[in-house]
Amino acid sequence: MSKILDIKNLTVKVNSEKKELKIIDDISLSLNSGETVGIIGESGCGKSITALSILRLLEPNLKITDGIIEIENINVRKLSTKELRKICGKKVGMVFQEPMTALNPVFSIEQQMMAPMKTHLKMPKHELHNRCIKLLQQVGIKEPEVVLKSYPHQLSGGMRQRIVIAMAISCSPSLLIADEPTTALDVTIQLQILRIIKNLVQQNKMSLLIISHDIGVISTLAEEIIVMYAGEIIEQDSKENILKNAQHPYSEKLITTALELQNGSKQLTIVEGSVPRPYENIVGCKFAPRCEFCTEKCLNEKPPVIQKSNGIGKVKCWKYVKD
Ligand SMILES: Nc1ncnc2c1ncn2[C@@H]1O[C@H](COP(=O)(O)OP(=O)(O)OP(=O)(O)O)[C@@H](O)[C@H]1O
Ligand code: SF4
Ligand SMILES: [Mg+2]
């Protein structure tokens, strides 16, 4: 299987009062052709920054200071802005976290859908128009001709998100990155959108990197799950192993709480405390202040990444290091 995305030892820093603070700390992940991987973690743990780093779309005060990012063996960090633009849309489609701001209010849907296709696909205008119609049908829009002539404010949130997804796949990318694609939508619309993404990924044989704080969304779409905490990957494994047998104390609590919520349990497992902020200088494990298994070693030394005994997953925790 060929590698679509390969991230090795990515570090992102933020410039703050003449200091540089790490917000992404040495993360590595990869996606093979046709694979679906989900990133989960609570708010502020670095999910969106990881996604934005892939296409170098970070805010100016953030910078990638270390690591390799390869898309189909192309080193993204070495590309010029012009070369990078060729990859955006063509090889990688992106659905951003803010669906309401993803569309420009002053252009019609057709103008906005056409823009990336004009750049990447050498097709006459009428063929591009037909492609827009087909794409809108694929995302379940019943009157595509009417929608193409519309402006974003005339459409519901669910319709806009369908259009954003249609735009992301319009140039047949091999990788789709979807950052919280359903968070801003009602529950019933959420399910429809998840179904659409699932079908599109299967039909077009795309790889998918799905990002969410919601384990329900992640487990609907991803075969493999990555758990992030405070800018680090703390566990990764198949969906089944994470759901049934999460090993990192944080992942275990995260899954237990999600299942309790799903089952309507009155007593929820709460992880006391909060995620450390980048300016908090934590020497050892970043989860240590909240962890019931914390030892002296956890406070003083960074935990190593351990290959799990199942041969598939990895966990970053001292608990699994044999003395
Ligand atoms: N431009 C910025 N300047 C400074 N800090 C930033 C900037 N953008 C993000 N951060 C910080 O980086 C960390 C990771 O942010 P990120 O947006 O990746 O979190 P997230 O996991 O996507 O959260 P959410 O679930 O709320 O979307 C947070 O602590 C955030 O405050
Ligand atoms: S390294 Fe120690 S503090 Fe961190 S999660 Fe594992 S047991 Fe808990
Ligand atoms: Mg985010």
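Amide H contacts under 5 Å for GLY34: SER207, restricted to partners 5 or more places along the chain or on a different chain, H placed in the peptide plane at 1.01 Å from N.
Normalised by 2.2 N^0.38 Å, with N the number of residues, the alpha-carbon radius of gyration of region 1-130 equals 1.20. Backbone amide hydrogens, once placed in the peptide plane, bring THR269 within less than 5 Å of nothing, excluding anything fewer than 5 places away on its chain. Taking amide H atoms as placed 1.01 Å from N in the peptide plane, the amide H of ILE39 lies under 5 Å from those of ILE210, ILE211, SER212, ILE226, each 5 or more residues away in sequence or on another chain.
On a C-alpha basis, how far is the centre of region 250-314 from the centre of region 162-193 in Å? Whole number, if you could? If you average the Cα positions of each part, the centres end up 30 Å apart. Under a Gaussian network description of the chain, with springs only between Cα atoms under 10 Å, the residue in ASP214, ASP186, ASP66 that fluctuates furthest is ASP186. For region 202-282, the solvent-accessible area with a 1.4 angstrom probe is 49 square angstrom per residue.
Can you tally the net charge around GLY140? Count Lys and Arg as +1, Asp and Glu as -1, for every other residue whose Cβ sits under 10 Å from the Cβ of GLY140.
On the way: positive: LYS142, ARG162, ARG195; negative: none.
After counting each charged neighbour, the total is +3.
By definition, a body whose alpha carbon gyration tensor gives a ≥ b ≥ c is oblate when a/c is 1.5 or more and a/b is not larger than b/c, and region 237-280 fits this oblate description. The HN-Hα couplings worked out from phi for region 189-197 by the Karplus form 6.51 cos²θ - 1.76 cosθ + 1.60 (θ = phi - 60°) are 5, 3, 4, 4, 5, 4, 5, 4, 4 Hz, whole numbers, x standing for Gly and Pro.
In a Gaussian network model over the chain where Cα atoms closer than 10 Å are linked, find which of ILE23, ILE233, ILE74 has the largest mean-square fluctuation. With Cα springs under 10 Å in the chain, the top fluctuation among ILE23, ILE233, ILE74 is at ILE74.
With all distinct Cα pairs included, what does the Kirkwood hydrodynamic radius of region 64-155 come out to in Å, to one decimal, could you say? It is 15.3 Å.
By the rule of a C-alpha distance below 27 Å, with chain neighbours fewer than 8 residues away ignored, the lysines paired with LYS244 are LYS47, LYS198, LYS253, LYS266, LYS286, LYS302, LYS308, LYS314, LYS316, LYS319, LYS322.
Starting from the exponent 0.38 and prefactor 2.2 Å, build the expected Rg for the chain from its residue count and divide its actual Cα Rg by it.
Working: Rg = 20.6 Å, N = 323, 2.2 N^0.38 = 19.8 Å.
Ratio of Cα Rg to 2.2 N^0.38 Å: 1.04.
Bridging of LYS125 to lysines at a Cα separation below 17 Å is possible for LYS134, LYS149, once same-chain residues fewer than 8 apart are set aside. Remark: region 127-136, residue by residue, has Karplus-estimated 3J(HN,Hα) of 5, 5, 4, 4, 5, 4, 4, 4, 4, 5 Hz, where x stands for each Gly or Pro and the curve is 6.51 cos²θ - 1.76 cosθ + 1.60 at θ = phi - 60°.
Quick one: grab the alpha carbon gyration tensor of region 181-240, order the square roots of its eigenvalues as a ≥ b ≥ c, and give me rounded if a/c is under 1.5, else prolate or oblate depending on whether a/b is larger than b/c.
Details: a/c = 2.30, a/b = 1.36, b/c = 1.69.
It is oblate, given that a/c is not under 1.5 and a/b is not larger than b/c.
What is the sum of charges, Lys and Arg at +1 and Asp and Glu at -1, for the other residues whose Cβ falls under 9 Å from the Cβ of THR220? Before the final figure, lay out the partial values.
Working: positive: ARG195, LYS198; negative: none.
Net charge around THR220: +2.
Largest GNM mean-square fluctuation among GLU180, GLU235, GLU20, using the chain with Cα springs under 10 Å: GLU20. Charge tally around CYS298: other residues with Cβ under 12 Å, Lys/Arg +1 each, Asp/Glu -1 each, net +3. Computed in the context of the full set of protein chains, the accessible area of region 121-223 at 1.4 Å probe radius has 53% of its extent on carbon or sulfur.
Classify region 122-197 as rounded, prolate or oblate, taking a ≥ b ≥ c as the square roots of the eigenvalues of its Cα gyration tensor: rounded when a/c is under 1.5, otherwise prolate if a/b is larger than b/c and oblate if not.
Values: a/c = 2.21, a/b = 1.36, b/c = 1.63.
Oblate, because a/c is 1.5 or more while a/b does not exceed b/c.
Among beta bridges from DSSP that stay inside the chain, the antiparallel ones total about 60%.
The values are calculated or read from the model by the stated rules, or taken from the named source; none is laboratory data. Keep in mind that this is a model prediction, so the values were computed, not measured. Note that we place each Cβ from the backbone using ideal geometry, even for glycine, and neighbour counts take in every protein chain shown. SASA here: full protein model, heavy atoms, side chains in, ligands and nucleic acids out. Shrake-Rupley method; radii C 1.70, N 1.55, O 1.52, S 1.80 Å.
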